[in-house]
Amino acid sequence: MWFKREQKNRRLNRGHVLDVKLRSDQVRATRTRLAAIAFGVLFGTVFGLYLLWRTGEWALDKFVYENSEFAIQNIQVQTDGVIAPDQLRRWSGVKLGANLIALDLASVKRNLELVSTIDSVSVERVLPRTLKIRVTEREPVAQVNVPRADTSGGISISVFQLDAGGVVMQPLDPRLCVVPLSQINEQLPVITGLNIYQLQPGHRVESPQVQAALRLVGAFDHSPMAGLVDLRRINVSSPQIIVATTGQGSEITFGLENLEQQLRRWRGIYDLGQSKNRIIASADLAVANNVPVLWMEPGAAPGMTPKAVNPAHTRRKNV
């Protein structure tokens, strides 16, 4: 009796085990089939996207980037300064026949702005075949003469220019300009006494004395002294002061601040000298009260006529 029950139980257990194995195989087969389908869909999607991307790239190359209809035939250059437009075209690095759409405008802008005399550049595509370049040049307000030894053993002078913010401009080859550089340089006051190692083209001179000298040049043209005398040199070698020399031989000392007020005080002293037929030899405007003034001896004045007040750098447009 016990033996029979044991046999019956074993048969039931075998059937259960077979049923479990059958269901496991079905689940595994279903999972494998789903994985294969998912992989096929993923592969097909990726391949389709890749094919679409390559087709779009080919279409862009064929119909846009290699299309002769967009070949550059005209490079229009506008500048407000003295650099010849042909030179600006060469500095831009753009060749006639290049594709206008494929052109990297940021690279063209960067190529031009690396030139120290150029302040800013805008570049514009004009479809189908024209590139427009607009250049704003830095306007020089002063110059620095740097002596250098030349190949013959002598001394030559290199002229660097400074704009109103103190950015150093490297001398241009006169052949690159539409206005003679000598015509510009002779109108600019010369700054002396600064460290020549501060003259890095494209960089700003941070010296407080140099910055004050540049502010003086800007303020002078709108001051009561404009047209009466002209600034020839400004010495910045001393701390806390700058010393300006005029074409009439006067030496005027300025503090670094309140330059407009000091210019008005200069006019008062100048008028006093005119009423007495005297010319200032030196005056220290950095002193707030009781300004020390020395007068030239009669007949000692150079008798030079001050230059007309004109901008040193005439703004113009060259196309």
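At a glance:
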{"item": "Condition met for VAL94 (within 26 Å of ALA213 (Cα to Cα), open to solvent by less than 50 Å² (accessible area, probe 1.4 Å) and either in contact with a helix residue (DSSP H, G or I) (Cβ under 9 Å, 6 or more places away or on another chain) or assigned to a strand (DSSP E or B) (or both))", "result": "no"}
{"item": "Condition met for VAL108 (β-branched (Val, Ile, Thr), closer than 22 Å to ARG232 by Cβ, touching a residue at least 24 places away in the same chain (Cβ under 8 Å) and open to solvent by less than 70 Å² (accessible area, probe 1.4 Å))", "result": "no"}
{"item": "Unmet requirement for ILE196, which otherwise passes all of (1) open to solvent by 50 Å² or more (accessible area, probe 1.4 Å); (2) within 17 Å of ARG233 (Cβ to Cβ); (3) modelled with pLDDT of 90 or more", "result": "(3)"}
{"item": "Candidate set: the range 125-160, residues that are hydroxyl-bearing (Ser, Thr, Tyr) and not in a loop (DSSP other than H, G, I, E, B); chosen: the one surrounded by the fewest Cβ atoms within 10 Å (Cβ to Cβ)", "result": "SER156"}
{"item": "Selected residue [touching an Asp or Glu at 6+ places or on another chain (Cβ under 7 Å), open to solvent by 20 Å² or more (accessible area, probe 1.4 Å) and not polar (S, T, N, Q)] from VAL178, VAL190, VAL243", "result": "VAL243"}
{"item": "Selected residue (criterion: nearest to ARG89 (Cα to Cα)) from residues of the range 53-75 that are at pLDDT 75 or above and open to solvent by 90 Å² or more (accessible area, probe 1.4 Å)", "result": "GLN73"}
{"item": "Members of the range 238-254 that are under 34 Å from the mean Cα position of the chain (by Cα), of a type outside the set (Val, Ile, Thr) and at pLDDT 95 or above", "result": "ALA244, PHE254"}
{"item": "Boolean, SER116 is in a loop (DSSP other than H, G, I, E, B), among the small types (Gly, Ala, Ser) and closer than 30 Å to ILE191 by Cβ", "result": "yes"}
{"item": "Of all residues in the range 97-113 being assigned to a helix (DSSP H, G or I) and of a type outside the set (Ser, Thr, Tyr), the one that is nearest to GLU69 (Cα to Cα)", "result": "LEU105"}
{"item": "Qualifying position, being among the charged types (D, E, K, R) and open to solvent by less than 30 Å² (accessible area, probe 1.4 Å), among ASP230, ASP173, ASP221", "result": "ASP230"}
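The values are calculated or read from the model by the stated rules, or taken from the named source; none is laboratory data. Everything numeric in this text was worked out from a predicted model, so none of it was measured. Glycine gets a Cβ as well: all are built from the backbone with ideal geometry, and neighbour counts include every protein chain shown. Heavy atoms of the whole protein, side chains included, go into the accessibility calculation; ligands, DNA and RNA do not. Shrake-Rupley method; radii C 1.70, N 1.55, O 1.52, S 1.80 Å.
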